[in-house]
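Laboratory data are not the source of any read-out in this text; all were calculated from the coordinates shown. Everything numeric in this text was worked out from a predicted model, so none of it was measured. Note that we place each Cβ from the backbone using ideal geometry, even for glycine, and neighbour counts take in every protein chain shown.
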Amino acid sequence: MKSKAELRIAIIGGGIGGASAAVALKAKGIRADVYEQASSMKEVGAGIGIRPPSVRCFKEWGLYEALEKVTTQSDHMEIIAGDDHVLIKEAWPVLTDDKTEAYARLVHRADLLETIVSGIPEDQIHLNHRCEKITDHGDYAEVTFENGTTIEADLVIAADGIRSTVRNQVIGHVEPVYSGYLAHRVLIDFDDALGLASKENILRIYVDGDNSFYLLPLEHRNQVSVDITVPGEFAWKPELTKEEILASITGFGPTLQKLVENIAFEDIVTRPLCDLEPINKWSTKSVTLLGDSAHAMLHNQGQGANMAMQDAEVLAKAILEADTIAEALQNYETKRKPITKLYQELSRLFPSDQAETAFPEKAHF
Ligand SMILES: Cc1cc2nc3c(=O)[nH]c(=O)nc-3n(C[C@H](O)[C@H](O)[C@H](O)COP(=O)(O)OP(=O)(O)OC[C@H]3O[C@@H](n4cnc5c(N)ncnc54)[C@H](O)[C@@H]3O)c2cc1C
C-alpha cells in the first residue's frame with residue numbers, strides 16, 4: 001500500500017455515514033475527500049438516539065463536546081397503549097463493556113450531521129458532485145460525476161445510501177425491500193405535543209396493533225420529533241392527504257389524534273420504510289460499502305445511523321493499521337458484518353403491545 005499520506009480516498013455521499021468516514025480518517029491523520037450530490041450537506045427528518053458505542057467514536061474524533069451541545073441524555077424508553085397506559089418502561093441497553101453506559105443521546109439528524117461535518121476541512125468537501133459512473137480498475141477506481149468531473153482513487157468508500165449507485169455498478173445491483181409500512185415524520189414544538197412527550201427525555205412509543213407513534217423529545221431545541229408508522233402502499237414519495245393520515249390513526253387515543261390534527265400538513269414528510277437483505281460482498285480491491293449502502297435497516301431498533309458511524313471508525317482504524325487496502329477491507333468486513341446483519345434482522349421487528357421488551361437487542365449483548 002502507498003504511504004497513508006499518499007493514499008487517495010474518495011467518499012461518495014456526504015450523509016451521516018460518509019461524513020463520519022471523513023472525520024474518522026482525519027482523526028487518524030488520513031485525508032479523504034467527500035463527494036456529495038446535493039448543494040449542501042444537510043439532513044431532514046427525524047430525531048434519533050445516539051448509542052454509547054457511537055458516542056465513543058465522537059470522543060475518538062475530538063467532537064464529543066460539540067455533540068454534547070446538541071444532544072440530551074435519555075435513560076429510558078416507554079411503550080404505551082392508547083394515550084396513557086404504560087406497558088413497558090425500560091432502561092436503554094448497555095452495548096459497551098461499561099455497565100454505567102445505559103443511555104442514548106437524543107439528537108435531531110440535522111444537528112448530528114452538522115456536528116460531524118464541522119470536523120471536516122472545507123477543502124475536502126465537494127458539493128454538487130453526483131456520482132454517475134464508476135469503473136473499477138482493480139488497484140484503483142475512476143469516478144465520473146454528472147457535472148463532468150472525473151477523479152481517480154485508491155479507495156472509494158460508497159456511502160451513497162440504500163439505493164447506492166456505486167454498489168449497484170461495482171458490487172452488483174441490490175433492490176431495497178419494502179416493509180409494507182410508511183412513516184409520516186414531522187418536528188413540532190414541545191407544547192404542541194399536548195403533554196404526551198416526556199419532560200424527562202424518555203423516548204415514548206405509542207402502539208395500536210400495526211401502527212406506532214414515536215415521540216422523541218429534543219430538549220435543547222424545545223421540540224419533539226414525531227414519527228407515525230402505519231401500513232400503506234409503496235411509493236418513494238407517497239402522496240397522502242391529511243384526512244388519509246388521520247384515518248390511519250383512529251385507533252390511538254383522542255389526544256394523539258388531536259396532536260396530528262393540529263400539525264400543519266405541509267410540514268409532514270412521508271417515506272416508505274425499506275431495508276436491504278444482508279449483502280455477502282461489500283468490497284472489491286478498491287471499492288467498499290459503508291452505512292446504508294451496505295446494510296440499510298428499518299428504524300425499529302434505532303441503529304441505522306449508529307451502525308454507519310461505527311462502520312466509519314472501524315474502517316478508518318483498519319486502514320491505519322493494515323499494510324494493504326485488501327487487508328484493511330477484510331478486517332473491516334470481518335468486524336462489521338456480523339453486528340450489522342444482526343441489527344438488520346432485529347430491525348424487522350415492529351413495536352408491539354405484546355412485546356416483552358422494548359429492546360430485543362438486549363438478548364444478544
Ligand atoms: C425516521 C428515521 C428514523 C431513524 N432513526 C434512527 C435512530 O434512532 N437511530 C439510528 O441509528 N438510525 C436511525 N435511522 C437511520 C439512519 O438515519 C440512516 O441509517 C443513516 O442516515 C444512513 O446514513 P448513510 O450516510 O449511510 O446514508 P444516507 O443518509 O442515505 O446518505 C447518503 C448520502 O449520499 C448522497 N448520495 C446518494 N447518491 C449519491 C450519488 N450518486 N453521488 C453523490 N452523492 C450521493 C445523498 O445525497 C446523501 O447525502 C433513522 C432513519 C429514519 C429515516
- request: Bin all alpha-carbon pair distances of segment 1-148 at 5 Å intervals from 0 and give each bin's fraction as a whole percent.
  value: 2, 9, 15, 17, 16, 13, 10, 8, 5, 3, 2, 1, 0
field: Only Lys, Arg (+1) and Asp, Glu (-1) charged, at Cβ; segment 178-275 dipole about Cα centre in debye
entry: 160 debye
field: Estimated translational D of segment 23-90 in µm²/s (Stokes, Kirkwood radius over Cα pairs; 10 °C; 1.306 mPa s)
entry: 102 µm²/s
message: Can you compute the modelled spin-label distance between E277 and S3, with each label point 7 Å from Cα toward Cβ, in nm?
response: 4.7 nm
message: Test of understanding: express the Cα radius of gyration of the chain as a ratio to 2.2 N^0.38 Å, with N the residue count.
response: 0.99
- request: For the chain, find the longest principal axis of its Cα atoms and tell me its angle to the long axis of helix 304-321, 0 to 90°, nearest 10.
  value: 20 degrees
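For segment 130-207, which trypsin sites (Lys or Arg not before Pro) pass both filters: DSSP loop (anything but H, G, I, E, B) and at most 13 other C-beta atoms within 10 Å? Intermediate values should be presented prior to the final figure.
Values: sites: R130, K133, R163, R167, R185, K199, R204; in loops: R130, R163, K199.
Qualifying residues, ordered by number: K199.
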statement: Semi-axes in Å, largest first, for segment 178-275 (Cα gyration tensor, √(5λ)) are 22, 14, 13
Rg followed by Dmax, in Å, when segment 63-134 is reduced to its Cα trace: 18.5, 53
- prompt: Listed here are the pairs K42/K258; K281/K335; K69/K199; K2/K341; K69/K317; K69/K237; which of them are more than 23 Å apart at the Cα?
  reply: K42/K258; K2/K341; K69/K317; K69/K237
- request: Please state the charge dipole magnitude for segment 209-365, taken about the Cα centre, from unit charges on C-beta atoms (+1 on K and R, -1 on D and E), reported in debye and rounded to the nearest 20.
  value: 380 debye
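What value does segment 238-365 have for Rg/Rh, both radii from Cα atoms and Rh as Kirkwood defines it?
Values: Rg = 19.6 Å, Rh = 17.5 Å.
Radius of gyration over Kirkwood radius for segment 238-365 works out to 1.12.
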- prompt: Which of the aspartates and glutamates could be linked to K4 by a straight reach, that is with a Cα gap under 15 Å, when you skip same-chain ones fewer than 8 residues away?
  reply: D33, D154, E321, D323, E327
- request: Calculate the dipole size of the chain relative to its Cα centre from +1 charges on Lys and Arg beta carbons and -1 charges on Asp and Glu beta carbons; express the result in debye to the nearest 20.
  value: 820 debye
- prompt: Out of the DSSP beta bridges found with both residues in the chain, what percent are antiparallel (nearest 5)?
  reply: 75 percent
